[in-house]
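Structure, as structure tokens:
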Amino acid sequence: MADDWNMPAGELMKGKRGIVMGVANQNSIAWGISKQLAAQGAEIAFTYQGETLERRVRPLVESIGMDTMIPADVTDDASMDAAFAAIKEKWGKIDFLVHSIAFAGKDELMGSMVANTSREGFRRAMDISVYSFIDSARRASEIMPDGGAIICMTYLGAERVVPSYNVMGVAKAALEAATRYAARDLGTQGIRVNAISAGAMRTLSLAGIRGGKSLMGTGRDWSLLKEDTKMEGVAGAALYLLSDIGQSIAGEVIHVDAGFHVVGVPDMPEE
Ligand code: NAD
């Protein structure tokens, strides 16, 4: 992602405060979303996974004039308790949450899903990629007395079979179901919960998938627009869902993938 991309600036998020979970570096989807939200006036608290990441993420956070960074390992209840307590103490309440976190072991992201999914690998993928969303949504909703909006990130591998995606596809299917259930549970509190299904993008997570580069190539070549999924598009969808222009949208999975998800058969030579 070029760091000089032009995000529409404005005031759609003015007066709104929220949490972004999942910035690891400048290529992270969470970072693209953060820049767009900041350009529209949002105030953001960033959670990050550990000390090594802090050194990488801090300069990014400071580059957009923010300074709230809180460690949060989503597999550790004490760490999550402390992170959300710190945000509550700082702001009292929030308006939005971005969950952009997933993990599966490298050995699971190749070959046969049936052969390569261990009980522990399944548990870990589901814990980090799905339970963490449910847990974060609950914690965030407790500090959203005036309503708000929550999003998570998913991929087409939830709906269709994608080589190497394996247990992560299973986890993303669960994440999309969790999005709908959370949208029901929190809807009456005025909290809208939605998911963005992004096309393959060059990030650390993609690098962990055997053949990740080919996933990007196929995503581009088969897509209706014949182009890579752009970070600007994903960030724009996030802005839409998290700001008031996305009102009335709940329990939705919006595809931002240059139209790749609707293709049944790729273009063929004419006979
Ligand atoms: P990324 O590697 O930049 O982000 C993944 C984040 O998950 C990292 O910040 C990492 O620190 C965090 N994480 C992992 N385990 C954690 C833990 N135990 N505690 C706290 N944080 C933890 O990659 P990304 O591609 O930006 O991924 C963000 C989201 O987007 C993921 O849900 C991913 O599945 C999804 N997604 C990615 C693509 C793609 O092609 N890159 C496409 C669709 C959806």
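The values are calculated or read from the model by the stated rules, or taken from the named source; none is laboratory data. Keep in mind the model is a prediction, meaning the values are calculated, not measured. Backbone-built Cβ (ideal geometry, glycine too); neighbour counts: all protein chains shown. The area values use the complete protein model at the heavy-atom level, side chains included, leaving out ligands, DNA and RNA. Shrake-Rupley method; radii C 1.70, N 1.55, O 1.52, S 1.80 Å.
Straight distance only, please: which aspartates and glutamates reach the Cα of LYS213 with their own Cα at less than 18 Å, same-chain residues fewer than 8 apart left out?
ASP107, GLU108, ASP221, GLU227, ASP228, ASP257
With a probe of 1.4 Å, find how much accessible area the range 1-127 has per residue, and write the answer as a whole number in Å².
Dividing the accessible area of the range 1-127 by its residue count gives 49 Å².
Could you let me know the centre-to-centre spacing of the range 215-271 and the range 143-168, using Cα atoms, in angstrom?
The two parts, judged by their Cα centres, are 14 Å apart.
Could you tell me the relative contact order of the chain? Use alpha-carbon pairs under 8 Å, at least six residues apart, and round to a whole percent. All intermediate terms of the calculation are to be shown ahead of the outcome.
Values: 524 pairs, mean separation 48.7, N = 271.
Once divided by the residue count of the chain, the mean separation gives 18 percent.
Could you give the semi-axes, largest first, of the ellipsoid that matches the range 197-271, computed as the square roots of 5 times the alpha carbon gyration tensor eigenvalues and rounded to whole Å?
Those come to 26, 17, 10 Å.
Search the structure for amide H atoms under 5 Å from the amide H of ARG192, placed 1.01 Å from N in the peptide plane, and list their residues when 5 or more places away or on another chain.
Distant-sequence amide H within range of ARG192: GLY148, ALA149, ILE150.
Straight-line reach from LYS93: which aspartates and glutamates fall under 13 Å, measuring Cα to Cα and dropping same-chain residues less than 8 apart?
Within reach: GLU43, GLU142, ASP146.
Could the peptides 91-97, 109-115 be put in order, highest first, of the mean number of other beta-carbon atoms found within 10 Å of their residues?
Working: 91-97: 20.0, 109-115: 13.1.
By packing density, highest mean first, the sequence is 91-97, 109-115.
So what J values fall out for the range 256-271 if you push phi through Karplus, 6.51 cos²θ - 1.76 cosθ + 1.60 with θ = phi - 60°, rounded to Hz, Gly and Pro as x?
3J(HN,Hα) across the range 256-271, in whole Hz: 10, 8, 6, x, 3, 5, 8, 7, x, 10, x, 3, 10, x, 6, 7.
ILE70's amide H: which non-local residues (gap 5+, or another chain) put their own amide H closer than 5 Å, with H modeled 1.01 Å from N in plane and none for Pro or chain starts?
When sequence neighbours closer than 5 places are left aside, the close amide H contacts are PHE46, THR47, TYR48.
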